[in-house]
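Everything on this sheet refers to the single structure shown next.
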Amino acid sequence: MEILQGLRYNLRGLRIGLTSGRLLFWGMIRFVLVLLITIGLAGIVLAYRVELTELLWSKPSTLWTIWLWHVLSWLVSMLLIGFSALFSFLVSQILFSAVIMDHMSRITEFNVTGRIVQAKEMAFFALLLHLIRQEIPRMILPLLLSFLLLVFGWITPLGPLLALASGLVSILFLSWDNTDLVPARRMMPFRQRFRLLRATILFHIGFGLPFLIPGFNLLFLSFAPIGATLYSVERDAPNLSESPPAEPHSAGEGRGLM
């Protein structure tokens, strides 16, 4: 079943990441960076909780309504902390996580196949711009959409249904953000890559199920490029064996990956 297959690839990638020195190093770097940004923003939200709530409702003076104000204050805080976690992930993804993800993917591909297949060599800043451009359609816009669905669900009777839809959209595109690393590096056209996603929706949902586990989702996200690259490489292995790679790296270059 595709859902179970996706889940197995994610768990397999985490196991490899936690037992491989270089992959463990880069996975933990990504984990710590996102965690630090999240804690920092959440701390700011909690420090200014009262001021933020008073922007919506001035603190009442009567005892029988002040408890409602405190309930609203904590609800607003929880909402903003959730938003800060999302914002932290987006910021880290744009600034450095996309590069780390691609680097982890390259290490994994070389470990499995002995080479790294890509369309052409790029300077660092050209590569950075290319990676950021890939993040907009496959991760940033879908995550913002899922967040809007979740917020809309809080103010309508469709809350449970929209919350489920929001979660599925999130894990679907978070999974694709990882499985698309190899095709994007090989400069496969976006339309073709999106067709691959549509054909493997159940796989990507299964791959993303661990992202729904509170407390552990950040760990799974940090090492997800490994399992996703294993999936992409093993899926494309027959095609690569029939034709030479566009730009294979030598074994010496592969060993140079930190």
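Annotations for the structure displayed:
- With eigenvalues of the C-alpha gyration tensor scaled by 5 and rooted, the range 2-255, Å: 39, 19, 16
- Calculated from backbone phi, Karplus (6.51, -1.76, 1.60) coupling profile of the range 12-21 in Hz, x at Gly/Pro: 5, x, 5, 4, 5, x, 6, 10, 10, x
- Given charges at beta-carbon only (K, R positive; D, E negative), |dipole| of the range 2-255 in Debye: 240 debye
- Nearest-20 debye value, the range 146-207 charge dipole, Cβ charges on Lys, Arg, Asp, Glu: 360 debye
- Other residues with beta-carbon under 13 Å from the beta-carbon of Leu219 carry, at +1 per Lys or Arg and -1 per Asp or Glu, a net charge of +2.
- Taken one residue at a time, the phi angles of the range 66-72 give Karplus couplings (6.51, -1.76, 1.60, θ = phi - 60°) of 5, 5, 5, 5, 5, 4, 4 Hz. Gly and Pro are set to x.
Since every read-out is calculated from the coordinates, none of them should be taken as a lab result. Values in this document were obtained by computation on a predicted structure and should not be read as measured data. Because the Cβ atoms are built from the backbone with ideal geometry, glycine has one as well, and the counts that use them run over all protein chains shown.
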